[in-house]
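The values are calculated or read from the model by the stated rules, or taken from the named source; none is laboratory data. Quick caveat: nothing in here was measured; it's all calculated off a predicted structure. With ideal geometry, Cβ positions are generated from the backbone for all residues, glycine too; neighbour counts draw on all protein chains shown. When the accessible area is computed, the model is the full protein with side chains, heavy atoms only, and any ligands, DNA or RNA have been set aside. Shrake-Rupley method; radii C 1.70, N 1.55, O 1.52, S 1.80 Å.
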Amino acid sequence: MNSNNNILIKTVITKNIGKINPNSIDDYINAGGYKALQKAVKMTGVQIVDQVKASNLKGRGGAGFPTGIKMEAVLNTDVTPKYLVCNADEGEPGNFKDKLLLENDPHQMLEGIIIAAVALNIQKGYIYIRGEYNKAIEIINLAIEQATKKGFVGKNICSTNFSLDLEVRSGAGAYICGEEFALIESIEGKSGRPRNKPPFPTVSGVNSKPTLINNVETFSVLPFIINEGGKVYAEIGTATSSGTKLISLSGNVKNPGVYEVPFGVTVGQVIEQLGGGVPNNLKIKMVQLGGASGPIIPPSMLDIKLDYKEMADLGISMGSGAIIVIDERFEMFDIIKKIMNFFRHESCGKCTPCREGNRQILKLISKIDNGTATIKDLKLLETLCSVMVSTSFCGLGQAAPTAVITTLKYFTEEYANKIKDYSLQSKSV
Amino acid sequence: MRKGIIALFIVIFLTIYHKKIKLREETFTMQLLQVIEKHGRTPEDLLNILLEYQDTVKTNYLSEQDIKLVATELNIPENKVYSTISFYSLFSTTPRGKYIIQVCSDVPCYVNNSVNIVNELEAMLNIKMGQTTSDGLFTLEFTSCIGCCDIAPAIRIGKELYGNMNKENLQKIISEYRRKK
């Protein structure tokens, strides 16, 4: 459109968005689709995994584990049958990038799934889509049907000996099911509660068999990597984070939406250049990265780069790529209460630190907010957060207090203003 | 004499009513059995069965009788079916309206005035969050993020998502649903 958009990339996984009819497999094929699969069926599993490793692709669901290493682990096991799971249970508040891919380019994701299945010789795959995404469920079901007719799914894929049966599973409204083991439990028809790790899903996943589980965005990158080569993908982005990332930009910005950007751009660039800044000339009060489980940073930190390592060095993470902008009209404690209320509701209740911790944090935050808290409550809040981080059973409880921890660090004043004996006591504590 | 006639009417009425209820229960049972037949009887089919069946129930919930039937058919304990239902927020064990209106309660919608949407809906429907309208048409609920942050504030009615909500388009949408009935 204009020079402002020069940080936008439209050639990797968003290249077809808005250009093809998601309900037409022919549209996808005419745009060069399923070429990567044709190429992949002529490659060995090791060759495919090597390309993914060369790309340095990291899991786009939030944890950022190297995809090639995960695939290698499932490739090298002798245990059969093996399973594949596509995690489309996008439920982290502020994230809607998987919805964009599912609804606008379903075959790209399917092609990625089939390539992975062929590489690792997997014959059964599940696509677990959250129950609220009815439109996506319909589109993916249709896409599987079309791909089966063309011989890309089912028996003898592309006239080879590979077979793959794909099934869509619908979630039923539980955020925890985005956690890989909770998701696997849900696929098995149970309440979605996480399992102990290790063993990891690559060793013991669906039906206690080796399982490759990846996010929608991760699978959607695979066709590009096979077509262009892992090295080409690795050249995009930074040395420590290769490729592009879909950013879900929301909150108080002029142009919210999903944007594909190379790693290395700053959070501020995304907000200003792509989002058009905050409406009505208001100032940014704070920005939450990743979603409800992500850190809240002040405007002074907006020059931070989207990069796994640079962010990890600062003790924060971008999660699955949400950027939520909150302007000066809003009270910090109201936002934190919303976030903690979310986790109180979504905690699965399996472990005590998470089940009770979220409740207690919410209570303490309310106490601080209404001005009745003392320095003792603040210390208790800090202890509670660190206990949850170190003792919660799964990622949900470990990440739930992130908003509190980061605001304690970056918005100390807001807390100090609400606690009467803060300045007196804090010196002695 | 008059008392006798009234008593007779009551008896006739109760018999018809009872039969009607029984008939309704039987059609529900048939419907549930059909759904089970379609998905299969292994424990891993449980979620799909419950989701699809609840959709066919006008009052959008799963009754005690449904739970018992599913447990027997799939050969799993009743309490496991119940615990699964109570775990997932898309299920309900109490009757709800025909159309469930869910308002997103998370931060991206909150900073785009979802509070106003809640107030508007409560006023329009004359119920509070969590309640069902007396005509059984609408139930108001909160929901966690529904992935519509770019069109916040967003709501979900039944299976449809609506974004960029304000008083005007809310009124339009609600009256459309009222017309549909």
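A few remarks follow.
- A single entry from A:311, A:332, A:318, A:286 fulfils the requirement of being more than 14 Å from chain B (Cβ to nearest Cβ), over 15 Å from the mean Cα position of the chain (by Cα) and buried (at least 17 other Cβ atoms within 10 Å of the Cβ): A:311.
- Output for the range B:117-150, where each listed residue is in a strand (DSSP E or B) and away from chain A (no Cβ under 13 Å): B:132, B:138, B:139, B:140
- Check on residue A:125, part of a loop (DSSP other than H, G, I, E, B) and either assigned by TED's automatic domain parsing to the domain that holds residue A:43 or open to solvent by 10 Å² or more (accessible area, probe 1.4 Å) (or both): no
- Some residue of the range B:79-93 being more than 18 Å from residue B:166 (Cα to Cα), open to solvent by 40 Å² or more (accessible area, probe 1.4 Å), touching a Phe, Trp or Tyr at 6+ places or on another chain (Cβ under 8 Å) and outside the structural domain of residue B:35 (by TED's automatic domain parsing): yes
- Residue in the range B:45-55 that is of a type in the set (Ser, Thr, Tyr), open to solvent by less than 70 Å² (accessible area, probe 1.4 Å) and modelled with pLDDT of 95 or more present: yes
- Cβ-Cβ under 9 Å pairs, at least 6 apart or on other chains, the range A:257-269 side under 16 Å from residue A:235 (Cα atoms), far side among the aromatic types (Phe, Trp, Tyr): A:263/A:308
- With respect to being more than 27 Å from residue A:346 (Cα to Cα) and touching a Leu at 6+ places or on another chain (Cβ under 6 Å), residue A:74 fits the description.
- Residues in the range A:127-181 that are closer than 22 Å to residue A:210 by Cα and among the aromatic types (Phe, Trp, Tyr): A:128, A:162, A:181.
Table: residues versus (1) open to solvent by less than 80 Å² (accessible area, probe 1.4 Å); (2) polar (S, T, N, Q); (3) touching a helix residue (DSSP H, G or I) at 6+ places or on another chain (Cβ under 7 Å).
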| residue | (1), (2), (3) |
| --- | --- |
| A:10 | no, no, no |
| A:16 | yes, yes, yes |
| A:21 | yes, yes, yes |
| A:41 | yes, no, yes |
| A:51 | yes, yes, yes |
| A:54 | yes, no, yes |
| A:83 | yes, no, yes |
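- In the range A:154-183, residue nearest to residue B:145 (Cα to Cα) [restricted to those that are charged (D, E, K, R) and in contact (Cβ under 8 Å) with a residue 24 or more places away in the chain]: A:179
- Residue A:254 vs. criteria on the phi < 0 side of the Ramachandran plot, free of Cβ contacts under 8 Å to residues at least 40 places away in the same chain and facing chain B (nearest Cβ under 10 Å): no
- Yes/no for residue A:356 being away from chain B (no Cβ under 14 Å), assigned to a helix (DSSP H, G or I), among the acidic types (Asp, Glu) and more than 28 Å from the chain's Cα centre (by Cα): no
- Where a residue in the range B:47-71 is in contact (Cβ under 8 Å) with a residue 60 or more places away in the chain and within 14 Å of chain A (Cβ to nearest Cβ) and its partner, wherever it lies, is of a type outside the set (Ser, Thr, Tyr) and open to solvent by 40 Å² or more (accessible area, probe 1.4 Å), with Cβ under 8 Å and at least six apart: B:60/B:95; B:60/B:98
- Within the range A:184-211, residues that are among the basic types (Lys, Arg) sit with their Cβ atoms under 7 Å from residues that are open to solvent by less than 10 Å² (accessible area, probe 1.4 Å), at 6+ positions apart or across chains, in these pairs: A:190/B:84; A:193/A:182; A:195/A:181.
- Filtered residues of the range A:168-193 (kept if within 9 Å of chain B (Cβ to nearest Cβ) and outside any helix (DSSP H, G or I)): A:169, A:170, A:171, A:172, A:173, A:174, A:188, A:189, A:190, A:191, A:192, A:193
- Flag for residue A:299 being in contact with a strand residue (DSSP E or B) (Cβ under 7 Å, 6 or more places away or on another chain), within 26 Å of residue A:423 (Cα to Cα) and open to solvent by 20 Å² or more (accessible area, probe 1.4 Å): yes
- Filter pass, residue A:79 being among the hydrophobic types (A, V, I, L, M, F, W, C), over 30 Å from residue A:259 (Cβ atoms) and either modelled with pLDDT under 95 or not in a loop (DSSP other than H, G, I, E, B) (or both): no
- For the range A:123-153, filtered to residues that are within 14 Å of chain B (Cβ to nearest Cβ) and free of Cβ contacts under 8 Å to residues at least 24 places away in the same chain, the residue that is farthest from residue B:147 (Cα to Cα) is A:138.
- Within the range B:56-72, the residues that satisfy the criterion of being in a loop (DSSP other than H, G, I, E, B) and open to solvent by 50 Å² or more (accessible area, probe 1.4 Å) are B:58, B:59, B:61.
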